[in-house]
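A short reminder: the numbers here are calculations on the coordinates, not readings from a lab. Values in this document were obtained by computation on a predicted structure and should not be read as measured data. Reconstructed Cβ throughout: ideal geometry from the backbone, glycine too, with neighbour counts over all protein chains shown.
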Amino acid sequence: MKPPPFAYCRPHSLHEALELLAEHGDEARPLAGGQSLVPMLNHRLARPAVLVDIGAIGDLQRMDRNESGWMIGATVTQRRVEQESVEGCDLLRLAMPFIGHRQIRARGTVGGSIAHADPAAELPAVALTLDATMVATGLDGERAIPAAAFFAGPYMNSLEEGEILSRVTFPTVPPTTRCSFREFARRKGDFAVAGVAAAVDFEDGSVTAASLTAFAVGSNPVRLTSAEAAVAGRHLDEAALADSAEAAAAEIEPWDDIHGSPQYRRQLVAVLLRRALQEVAP
Amino acid sequence: MTDTWELGGRPVYTGAHVTRRQDDALLSGRGTYVADLRPSGMAEMAVVRSPVAHGRITAVRTAEAAAVDGVIEVITAADLTDVAPYPNFAAYTQTPGTFPLAQDKVRYAGSPVAVVLAENRYIAEDAAELVEVDYTELPAVTSLEAALEPDSPRLFEDWSNNRLLDLQPDDSEVAAILAGNRVLRRRYKMGRHTAMPMETRAALAEVHNGRLHLWCTNQHAHIARTTLSYVLPLAERDIRVVIPYVGGGFGLKQHLYPEDVLVSWLALRHGRPVRFVEDRAEHMIAAAHARDHMIDIEAAIADDGRILAMRVQVVQDLGSAEIFPGAWCPALTTAAHMTGPYDIRDCVVSVAAVTTNKTPGGSYRGFGVPEAVFALERFIDEIADEVGVDRLDLRRSMLLQPADLPYTTASGALLDSGSFAESFERVVELGEHAYQRADAQYRSDPDSRVGVGYAVLFEGVSPTHHGASAHWMGHESCTIEVQPDGGVRVASGVTDQGQGTTTFVATLTADALGVPIETVRVELADSDATPYGLGAFGSRQAVIGGGAILLAAAEVQGKVKKIAAHMLEAPTDDLVIEAGRVHVAGSPVRAVTMADIATTAVIRTIDLPPGMEPGLEATARYEPELMEHTPDEKGRINANAAYANAAHAAVIRVDLGTGEIEILDYILAHDCGTVINPPIVDGQIWGGIAQGLGGTLYEDLCFNDLGQPQTAFMDYLVPSAIEIPDLVIEHFESPSPNTPLGMKGVGEGGTVGPAAAIGNALAQALAEFSPQIHETPLSPAVVRAMIPDQRT
């Protein structure tokens, strides 16, 4: 478990980092908190010739709030987000404790987790649920990618060669929106076997908008559009919960591994969604 | 030997909370492990392992790897011309002919095929990728059921089947009882899991003045030395084995692995230090796996559910069996524990140990007993359900009572003492109370079910080594030397993997001599510095190592008293030894110190009693009198020096939605006879329970149909402190009349009960769904499948 040889650089500006990436092309990989990339190097699953450590770039460490949301720099650590109140972004706050262990969150970054696009990771699910915007920066400038278009399969994103995910904007939600984050993992801190994120808005007890996501059940986190439709305009009574859970179990296409069959993951998503909806019901 | 065991001094430390000797170093990171040793000129080794589970090696090309800058040599089996296969002393088994590197065939994914020796591990791994091996793949045997099939592909072509061991005792007597009674049959399986010590395996070999010095993580300095002399072209006198700090052994480090031989061979060949430190990915596929048993029980049942007779078949999946010592002994141990602490006179067990294309099985804490306890205790609950009797009353009707002791089990185990019924009743009392509380808490929660399960068990401790090696027996040794300043050096063949061996050696030595514990220096695990002993296995070290200490100390103390009597001009019977001083009873000022006595014994020998030999030192060896090494003509054997017992209760909550088992209460009453160090005993129980729960709920080493390992470390779910519940531990002390001070081993007891207790608790919790609970691990997915879907 020793990595093959690689060159290491630690630029202090984003421009410098982008130039390095441009120079080395697909031989180079950006390194943020290293919580996924370093194990992959040690297992020789990733073999970049050049590691561009983006940890010393001040611009990527900013965390600001404006009227529309939280703009979180790519190398802001998960632990820092956990410690901030991220007001108006309850779902993000709720998801943080599920990411690995505290030591991992102290190193792991928001941008790193999202760019890595692990199907079982929490932050991509939060981004998808809240319709977050990923900002990709290249030498030619910035472009915004909506969460729904960002994830391109397991461990794959839609960044172009030479681009870095420089920040993520998580929109704040109105105070009437209630959120729940549920995940089932074998041990505390493990990757999810299945998980559900929910942000639901109500008026007079009826659902006016529901954003429901399942993760760890397929290539990428997936919006549960049938389950969302099943609760639209309804009070979250027993029948609505059952309809939504049933729809969710039917619309996902879970994978199979040693922790659970597709059938088991369908059961899990149904029960997690039901519990999430029970939690947010006014 | 001795008729009555006693300490030579007042028990000042024995039974007290003596602080563990190594804790300062261990907790502050100052312990020196093999991976901390870095002699100048050291080279490192990486092993090229087979990606194929079963195949013939048709070509190995090493030239490209050998040409890498910094590579010293690349070797294959063909280079090891002066190495002998590991011996097999067991005439009753077939011989796998284990060799340090695969010769013509590979028999598991992970088999060592070649070794790259390089200036460091990074270069060695770079070059290892360049070694090309061609395999002709063969069909893989990946389960014990497949291995039993008559037309199963054979791992060893000179065998007629895949049964390394196949013992079919005469079962006619039991068959007759089965024929005349109601018979119940069940099959139980325990999955494959293993020890995951924080420190992986490691070995460093160096040549000093023509002698091989091996620093390694093995649990036995002397057995390792002797085995190396069998395999390598070296005389035993030219080998020194030293075991530095070890980060957990748990039985996994009982085996002398190929890498231990390979570093030694390479160090001898190149005249420079060679080190191997296993990485965790290798550990998952190349360090011994364990359990993987299938147990079929057929029992004749009385109307009230009592077991009248049992016919049992135990099958153990050995993986490729290419390991030394061999790994069939857990199956024999399972067989010896199949009746539990119950009065079941007629029980016959056949045992098969089969080879499959998986990582070799080996030793692991519990060693066949968890399998037996899971099967028998689940079976008793199932009988109770079937017959319609109370599961606790059914146990009561069969449990050994104080008046039944001593009791010889059907397998020949001599239960000379124990608290089987008493510890069970105490655990039932606490368990029922905890269950009522849980039931009240969760009764109104539609997503929860609660249950309580029990397991009651005995466990052979301090066994003969002969079952595993068919070679070594069961003694331990000790040298005690009092030096001229009165300080004590004690050297023993026992070893410390972090469990506190050093502390009990100091404790017993201090009390046996009557000296302050601070004056005792302990030397272990160096084959040059300690007398030949067998080291750590089978919860033996306190019992058998303790016996050797007491014998050596008694001899030293006899001489101390004679010298003191001469110096004080008093009869030896009037002397009292305390805190390193010898005084005349009733007259504390008429005293000499241990330093006075030892100076006389070693330096001012002119002051010794006339005719007495100089020196104040003794070496003793202790082999328990009642321990047997080979079975009688009916297969019965008393293979252990002692038998500990315990009762477990688990109160669980099952989440009907996810299938997750939450342990609300875990209660255990434990009896290891006389306790030497209460916190160490508690620590052993905690650690054992954690590993037992790991194997029951979390840990699973999976293989696919091609024999490819499916469980990486990330997926191998060793429970953390968060997953382990608070324990309630109740102590019973039933000293053995046959062991030193009445001690019984404690190292494995905790590991043995959890599978049975949790399985029984789950059966109660889900009773409305009539679940079939016959296998571990009980993962959430497995449990969820027992619950009808409309429940969500």
**Request:** Could you work out, residue by residue across B:696-704, how many beta carbons of other chains sit within 10 Å of that residue's beta carbon, and then give the average as an integer?
**Result:** 1
**Request:** Could you compute the FRET efficiency for B:Arg269 and B:Arg10, with r as their C-beta to C-beta distance and R0 at 56 Å, rounded to 0.05?
**Result:** 0.50
**Asked** Which residue fluctuates the most in chain A, going by a Gaussian network model with Cα springs under 10 Å, if the choices are A:Gly25, A:Gly55, A:Gly195?
**Response** A:Gly25
**Fill in**
Checked segment B:1-139 with the C-alpha gyration tensor, a ≥ b ≥ c its square-rooted eigenvalues, rounded below a/c of 1.5, otherwise prolate if a/b is larger than b/c and oblate if not; verdict oblate
**Mean Cα-pair separation over length for chain B, i.e. relative contact order, pairs under 8 Å, 6 or more apart, %** = 16 percent
**Asked** Among A:Thr109, A:Thr225, which comes first, then next, by fewest other beta-carbon atoms within 10 Å?
**Response** A:Thr225, A:Thr109
**Request:** Just subtract the alpha-carbon distance of B:Ile729 and B:Arg521 from 0.36 nm times their residue separation and send over the number in nm, one decimal.
**Result:** 71.7 nm
**Request:** Would you kindly state the longest site-free stretch of chain A, with sites defined as GluC sites (Glu not before Pro) in a DSSP loop (not H, G, I, E, B) surrounded by at most 15 other Cβ atoms within 10 Å?
**Result:** A:162-282
**Request:** Using R₀ = 25 Å, calculate the FRET efficiency as 1/(1 + (r/R₀)^6) where r is the Cβ-Cβ separation of A:Ala149 and A:Asn66; round to 0.05.
**Result:** 0.65
**Message:** Quick check: from the Cα gyration tensor, does segment A:7-53 come out rounded (a/c under 1.5), prolate or oblate?
**Reply:** oblate
**Request:** Mind giving me the FRET efficiency for B:Arg396 and B:Phe713? R0 is 45 Å, r the Cβ-Cβ distance, nearest 0.05 is fine.
**Result:** 0.55
**Item:** Selection from B:Val488, B:Gln94, B:Gly747, by position along the positive dipole direction of chain B (Cβ)
**Value:** B:Val488
**Complete:** Rounded to the nearest 5, the percent of DSSP beta bridges in the protein assembly as shown running antiparallel is 80 percent
**Asked** On average, how many beta carbons from a partner chain sit within 10 Å of the beta carbon of a residue in B:776-785?
**Response** 4
**Message:** Explain nothing, just the number: dipole magnitude of segment A:64-162 about its Cα centre with +1 on each Lys and Arg Cβ and -1 on each Asp and Glu Cβ, in debye rounded to the nearest 20.
**Reply:** 460 debye
**Prompt:** Each residue of segment B:316-325 in order: what ³J(HN,Hα) in whole Hz does its phi give by Karplus 6.51 cos²θ - 1.76 cosθ + 1.60, θ = phi - 60°, with x for Gly and Pro?
**Reply:** 10, 8, 8, x, 6, 6, 8, 7, 9, x
**Request:** With everything on Cα atoms, drop me the angle between helix A:262-280 and the longest principal axis of chain A, reported from 0 to 90° to the nearest 10.
**Result:** 70 degrees
**Asked** Order of B:Ile177, B:Ile285, B:Ile243 from fewest to most other C-beta atoms within 10 Å?
**Response** B:Ile177, B:Ile285, B:Ile243
**Complete:** One would report the antiparallel percent of DSSP beta bridges in chain B, rounded to the nearest 5, as 80 percent
**Asked** Stretch B:Arg56-B:Ile603 to full length: gain in nm at 0.36 nm per residue minus the Cα-Cα span?
**Response** 190.2 nm
**Prompt:** So for the pair B:Asp170, A:Glu23, with labels modelled 7 Å out along Cα→Cβ, what separation do we get in nm?
**Reply:** 8.6 nm
**Within segment B:431-463, backbone nitrogen closer than 16 Å to the virtual label 7 Å beyond the Cα of B:Glu768 toward Cβ** = B:439-452
**Item:** Spin-label model distance (nm) - B:Ala440 vs A:Ala239, 7 Å beyond Cα toward Cβ
**Value:** 3.9 nm
**Message:** Counting other beta carbons within 10 Å of each residue's own, what order do B:Trp159, B:Trp5 fall into, fewest first?
**Reply:** B:Trp159, B:Trp5
**Request:** Evaluate the relative contact order of chain A (contact order divided by residue number), counting alpha-carbon pairs under 8 angstrom at least 6 apart; express in whole percent.
**Result:** 15 percent
**Asked** Mind checking the dipole of chain B: about its Cα centre, +1 per Lys or Arg Cβ, -1 per Asp or Glu Cβ, Debye to the nearest 20?
**Response** 900 debye
**Item:** Filtered GluC sites (Glu not before Pro), segment B:514-581: DSSP coil and at most 13 other beta carbons within 10 Å
**Value:** B:Glu569
**Prompt:** Magnitude of the Cβ-charge dipole of segment A:177-280, K/R +1 and D/E -1, about the Cα centre, nearest 20 debye?
**Reply:** 440 debye
**Message:** Name the residue from B:Val18, B:Thr572, A:Pro97 whose Cα lies farthest towards the positive end of the charge dipole of the protein assembly as shown, charges +1 on Cβ of Lys and Arg and -1 on Cβ of Asp and Glu.
**Reply:** B:Thr572
**Asked** Where in segment B:208-225 is the amide nitrogen less than 18 Å from a point lying 7 Å along the Cα-to-Cβ axis of B:Ala529?
**Response** B:208, B:212-225
**Item:** Sequence ranges B:91-104, B:644-657, B:342-355, ranked by mean other-Cβ count within 10 angstrom, highest first
**Value:** B:644-657, B:342-355, B:91-104
**Request:** Pull up all non-local amide H partners of B:Lys105: gap of 5 or more, or a different chain, and H-to-H distance under 5 Å with H placed in the peptide plane.
**Result:** B:Ile57
**Complete:** Row for segment A:177-280, column shape: gyration tensor on C-alpha, a ≥ b ≥ c, rounded if a/c < 1.5 i.e. under 1.5, prolate if a/b over b/c, else oblate; value prolate
**Asked** Looking at segment B:593-633, which GluC sites (Glu not before Pro) are in a loop (DSSP not H, G, I, E or B) and have at most 14 other Cβ atoms within 10 Å?
**Response** B:Glu625, B:Glu633
**Request:** Starting from the amide H of B:Gly412, placed 1.01 Å from N in the peptide plane, find each other amide H under 5 Å away whose residue is 5 or more places distant or on another chain.
**Result:** B:Ile637
**Complete:** Residues whose built amide H sits under 5 Å from the amide H of B:Cys672, excluding neighbours closer than 5 in sequence, are B:Phe732, B:Ser734
**Item:** Positive dipole terminus of the protein assembly as shown, leading residue within B:Ala649, B:Asn738, A:Ala248 (C-beta point charges)
**Value:** B:Asn738
**Asked** So what are the ³J(HN,Hα) numbers for segment B:672-684, from phi and the Karplus equation (6.51, -1.76, 1.60; θ = phi - 60°), rounded to whole Hz, Gly and Pro as x?
**Response** 10, x, 5, 9, 8, 9, x, x, 5, 4, 4, x, 4
**Request:** Convert each backbone phi in segment B:587-593 into a coupling constant with the Karplus relation 6.51 cos²θ - 1.76 cosθ + 1.60 (shift: θ = phi - 60°), then list the ³J(HN,Hα) values in order as whole Hz, x for Gly and Pro.
**Result:** 9, x, 7, 7, 9, 10, 8
**Sparse-neighbourhood loop sites, GluC sites (Glu not before Pro) in segment B:136-218 - DSSP loop, at most 16 other Cβ within 10 angstrom** = B:Glu157
**Request:** Run the quick spin-label model on B:Asp304 and A:Ala106: label points 7 Å from Cα toward the beta carbon, then report their separation in nm to one decimal.
**Result:** 6.2 nm
